[in-house]
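In what follows, a structure is listed as structure tokens, so that the remarks can point back to it.
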Amino acid sequence: MHNVVLIPGDGIGKEITKSVTTILETAGAEMNWVRCSAGESANKELGNPLPQETLDAIEKHRIVLKGPLTTPVGAGFRSINVALRQKFNLYSNIRPARSLPNIESPFRGVDLVLFRENTQGLYIGKEHWIDDEEKHAESIAVVTREASEKIITAAFEYAKKFGRKKITLVHKANILKLTTGLFLTIGKEISAKYPEIEFEDLIVDNMAMQMVMRPQRFDVIVTTNLFGDILSDLASGLVGGLGVTGAANIGDDAAMFEAVHGSAPDIAGKGLANPTALLFSSLMMLEYLNEGRVAEKIRSAVYTVLQEHKSSCTRDVGGEGTTATYTEAICRLLRD
Ligand code: NAD
């Protein structure tokens with residue numbers, strides 16, 4: 001039995017987590033869900049968007065499956081997603097992008113996995129004004145040897161474990177010579193320890209072009225936080241968008257699996273939410289828990305439903321169904 005902290009989250013969170021827990025249980029995964037709250041709903045009910053009980057449960061069980069959380073724009077509390085990544089040092093953000101059957105996209109045959117450093121770089125928002133009139137702002141990017149070694153090693157170890165052939169390291173070391181230059185130097189050092197895996201590096205602007213011209217040539221990609229933020233959404237766009245891509249945040253001794261889309265307030269409560277992104281994240285969680293066989297069974301059922309029972313799927317992917325009809329179509333195959 002696996003103890004997993006389940007945070008349904010806001011908006012469509014409840015609907016998609018219900019679908020995912022039903023599918024995992026139908027497939028025979030032995031899960032003990034430890035239900036906790038966070039985000040806007042927790043803030044309204046408990047006066048805290050990240051309650052202490054939730055932190056205590058994560059501290060204890062070290063694995064989280066999380067629905068989307070609403071983050072107020074401008075004022076209000078800071079992103080809980082970012083806070084959780086920082087607090088539990090979940091330094092690897094892993095985003096697979098794989099072409100799916102019967103999902104509209106100009107690209108076929110894409111099968112890549114992007115590793116994004118999750119705790120440093122420009123993205124963490126170390127910013128300040130340097131004058132009282134607020135006419136001059138600065139932002140600081142921090143890159144350390146230790147954190148770079150961890151994420152790059154994680155990418156190589158993943159490639160080794162799953163039989164991947166090539167790592168592409170993405171940087172801007174021609175201009176940001178110290179920060180992303182350090183990242184590149186470390187990538188070259190680490191690649192020498194994995195002679196069986198091909199290694200290349202590309203400058204981020206060239207990478208963006210290559211990814212839309214010939215995405216099939218990429219296998220495992222590793223990059224710094226802000227470049228990874230942008231390129232991982234680009235990668236999702238190659239295979240059908242954020243509604244159908246999973247994500248994991250993994251550290252040395254804790255992991256959080258989450259949907260990459262937001263809380264979709266426009267469709268919340270209407271039964272229209274597509275649970276596929278969170279479902280694919282939960283399959284990454286099953287692999288992390290060494291339940292790869294159950295994960296494969298579910299993935300195969302999803303592919304069959306997309307291919308042969310499209311009308312049961314939700315409207316965002318061209319179906320005519322609801323969260324419930326899609327969930328039931330997958331469960332029916334799992335029960336057969
Ligand atoms: P969003 O992803 O919630 O919605 C964008 C569009 O995609 C909407 O039309 C929505 O209906 C649709 N959509 C999203 N997920 C869907 C799904 N599973 N099935 C069907 N359609 C889906 O983005 P937004 O509107 O910019 O953000 C809403 C809130 O979510 C904001 O508060 C934002 O901060 C938060 N957010 C959270 C996360 C997270 O928790 N990881 C990520 C992004 C945004």
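Brief remarks follow.
- Low-density loop positions, trypsin sites (Lys or Arg not before Pro), the stretch 254-306 - DSSP coil, at most 13 other Cβ in 10 Å: Lys270
- Candidates Asp131, Asp201, Asp56, ranked by Gaussian network fluctuation over the chain, Cα under 10 Å, top entry: Asp131
- Helix-only [θ]222 nm of the chain, DSSP H runs n ≥ 4, -39500 (n - 2.57) each, per residue, nearest 500: -12500 deg cm²/dmol
- Annotation for the stretch 255-334: GluC sites (Glu not before Pro) lying in DSSP loop with at most 14 further Cβ atoms inside 10 Å of their Cβ are Glu320.
- Using the Karplus relation 6.51 cos²θ - 1.76 cosθ + 1.60 with θ = phi - 60°, the per-residue 3J(HN,Hα) values for the stretch 191-197 come to 4, 5, 7, 10, x, 6, 10 Hz, with x marking Gly and Pro.
- Length-normalised contact order of the stretch 124-215 in % [C-alpha pairs under 8 Å, at least 6 apart]: 26
- Computed from Cα atoms alone, the Kirkwood hydrodynamic radius reported for the chain is 20.7 Å.
- Hydrodynamic radius of the stretch 13-93 per Kirkwood, over alpha carbon pairs, in Å: 14.0
- On the basis of the beta-carbon distance and an R0 of 22 Å, Leu234 and Asn102 show a calculated FRET efficiency of 0.50.
- Computed magnitude of the charge dipole of the stretch 88-180 (debye, nearest 20; Cβ of K, R +1, Cβ of D, E -1): 960
- Distance violations [Cα-Cα > 26 Å] among Lys60/Lys297; Lys126/Lys150; Lys150/Lys297; Lys87/Lys166; Lys60/Lys188: Lys60/Lys297; Lys150/Lys297; Lys87/Lys166; Lys60/Lys188
- Residues with amide H under 5 Å from that of Asn3, placed H, sequence gap 5 or more: Asn32
- From the largest down, the stretch 257-336 spans 36, 28, 16 angstrom on the principal axes of its Cα atoms.
- The residues neighbouring Ala268, those whose beta-carbon lies less than 10 Å from its own, together hold a net charge of -1 under the Lys/Arg +1, Asp/Glu -1 convention.
- Karplus (6.51, -1.76, 1.60) ³J(HN,Hα), θ = phi - 60°, over the stretch 51-65, in Hz, Gly and Pro reported as x: x, 4, 4, 5, 4, 4, 5, 5, 3, 6, 9, 6, 9, 10, 10
Bear in mind these aren't lab numbers, they're just calculated from the coordinates by the rules spelled out. None of the values given here were measured: they were computed from a predicted structure. Methodologically, a virtual Cβ is constructed for each residue, glycine included, from the backbone with ideal geometry; neighbour enumeration extends over all protein chains shown.
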